[in-house]
1. Just name the residue that is farthest from residue 298 (Cα to Cα) out of those in the range 129-143 that are more than 16 Å from the ligand (Cβ to nearest atom) and part of a strand (DSSP E or B).
2. Any residue in the range 273-284 that is open to solvent by 30 Å² or more (accessible area, probe 1.4 Å) and within 28 Å of the chain's Cα centre (by Cα)?
3. Considering only residues that are at pLDDT 90 or above, under 22 Å from residue 119 (Cβ atoms) and polar (S, T, N, Q), look in the range 159-211 and name the one that is most open to solvent (accessible area, probe 1.4 Å).
4. How many of the residues making up the range 94-109 are more than 15 Å from the chain's Cα centre (by Cα) and either assigned to a strand (DSSP E or B) or not assigned by TED's automatic domain parsing to the domain that holds residue 140 (or both)?
5. Residues being farther than 18 Å from residue 185 by Cβ and open to solvent by 30 Å² or more (accessible area, probe 1.4 Å): count how many of those fall in the range 123-154.
6. So, in the range 144-176, how many residues would count as being part of a strand (DSSP E or B) and over 24 Å from residue 267 (Cα atoms)?
7. What number of residues within the range 113-128 are in a strand (DSSP E or B) and more than 16 Å from the ligand (Cβ to nearest atom)?
8. Take the range 177-197 and flag every residue that is assigned to a strand (DSSP E or B) and either free of Cβ contacts under 8 Å to residues at least 12 places away in the same chain or within 14 Å of the ligand (Cβ to nearest atom) (or both).
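The values are calculated or read from the model by the stated rules, or taken from the named source; none is laboratory data. Bear in mind the structure is a predicted one, so any value in this text is a computation, not a measurement. A quick note on method: Cβ atoms are made from the backbone with ideal geometry, for glycine too, and the neighbour counts reach across all protein chains shown. All accessible areas refer to the heavy atoms of the entire protein, side chains included, with ligands and DNA or RNA removed. Shrake-Rupley method; radii C 1.70, N 1.55, O 1.52, S 1.80 Å.
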Amino acid sequence: MLQELPLTPPSASTFAPQVDALYWFLVILSTVVTVGIFAAALFLSIRYRRRPGVAPGNIEGSLRLELLWSFIPGVLAIGIFAWGAKVYFYAAKPPPDVMDFYVSGKQWMWKVQHPTGQKEINDLHIPVGRAIRLTMTSEDVLHSYWIPAFRLKKDTVPGRYTEMWFQATKPGKYHIQCAEYCGTKHSGMIGECYVLEPEEYQRWLSGNTGEAPEVAGQKLFENLRCVTCHMAGAGQRGPELAGVYGTKVALEGGGEAVVNDEYIRESILKPLAKVVKGFQPVMNTYEGQVGEEEIMQLVAYIKSLKAQGGGKQ
Ligand code: CUA
């Protein structure tokens with residue numbers, strides 16, 4: 001019966017039981033409070049109904065009662081907040097050995113790129129038991145990447161990266177859908193997430209050739225002539241990129257920026273927005289020359305560059 005009419009989607013990530021526990025706690029708590037209020041209202045309205053010849057007495061406040069009904073809900077509310085914060089922090093911080101996948105939404109399809117370069121449309125094949133991070137963007141309008149079985153949903157936003165991570169716990173096939181109305185075929189913007197055993201995932205990978213994003217990024221970097229300003233040695237016109245990822249750089253006009261995916265993306269499309277201190281605002285925009293997939297590849301390449309001179313990072 002429950003299988004034909006499931007109350008909740010399957011639970012298939014390490015995140016799902018945490019969300020479910022909090023969700024069911026809230027449902028049960030709300031039910032208990034609601035039933036309690038209705039029962040009390042019914043009971044009191046009968047017990048103290050108007051009777052002929054009985055005048056209502058003079059009612060004084062009760063400090064004890066008032067403290068009690070402030071204190072208990074107060075503790076419950078703070079408890080719910082703390083619990084929610086714990087789940088939120090878990091969702092916000094992926095473990096260090098995370099695998100990076102890239103997702104790009106487009107009217108009306110999902111484009112995915114694997115860490116090893118394989119690409120797929122709408123579907124997502126992943127290994128079970130591995131932490132997976134999705135770095136996502138959109139090529140046109142707002143979409144939202146939603147995998148109910150993993151209790152995972154986040155908007156994909158044109159012009160910006162959003163991230164989420166998860167670890168699937170059960171092999172199987174789980175529905176993916178777009179959760180943000182994005183035009184005529186919004187409801188058709190669906191796919192399946194295939195959670196595979198590690199060997200099966202390897203087999204799937206070997207059946208689909210692809211170029212690792214950092215390798216594709218390096219080719220682009222050369223074809224777009226980025227090398228002439230960023231890898232020309234001493235006195236070059238643009239800042240050195242090796243080892244720069246994850247560091248903080250000082251900016252012309254004051255302030256600083258953390259070199260992350262977002263900053264690199266902005267610097268490719270709007271190079272003059274945040275110029276590194278000591279450099280001239282001479283770079284041209286690459287807007288229109290590179291699409292979202294290419295930008296992700298360039299970012300992956302710059303990320304892969306280690307500092308020169310025996311620098312291990
Ligand atoms: Cu994409 Cu709705």
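1. Step one: of the range 129-143, the residues more than 16 Å from the ligand (Cβ to nearest atom) are 129-133, 135.
Next cut, part of a strand (DSSP E or B) only: 131-133, 135.
Working: 131: 23, 132: 20, 133: 18, 135: 14 Å.
Residue satisfying both the conditions and the ranking: 131.
2. yes
3. Per the stated criteria, the residue is 177.
4. Start the filter on the range 94-109 by keeping residues that are more than 15 Å from the chain's Cα centre (by Cα), which leaves 96-97, 106-109.
Now drop any that are not either assigned to a strand (DSSP E or B) or not assigned by TED's automatic domain parsing to the domain that holds residue 140 (or both), which leaves 106, 109.
Residues in the range 94-109 being more than 15 Å from the chain's Cα centre (by Cα) and either assigned to a strand (DSSP E or B) or not assigned by TED's automatic domain parsing to the domain that holds residue 140 (or both): 2 in total.
5. To start, the set of residues in the range 123-154 that are farther than 18 Å from residue 185 by Cβ comprises 124-137, 147-154.
Now narrow it down to the ones that are open to solvent by 30 Å² or more (accessible area, probe 1.4 Å): 129-130, 133, 151, 153-154.
Number satisfying all stated conditions: 6.
6. Of the residues in the range 144-176, the ones part of a strand (DSSP E or B) are 144-147, 152-156, 158, 162-168, 172-176.
Remaining after also requiring over 24 Å from residue 267 (Cα atoms): 144-147, 152-154, 165-168, 172-176.
Adding up the residues that qualify gives 16.
7. Our first condition is that a residue be in a strand (DSSP E or B); within the range 113-128, this holds for 113, 119-121, 124-127.
Add one more test, that the residue is more than 16 Å from the ligand (Cβ to nearest atom), and what stays is 113, 119-120, 125-127.
The total comes to 6.
8. First, the residues of the range 177-197 that are assigned to a strand (DSSP E or B): 177-178, 190-196.
Passing the criteria: 177, 178, 190, 191.
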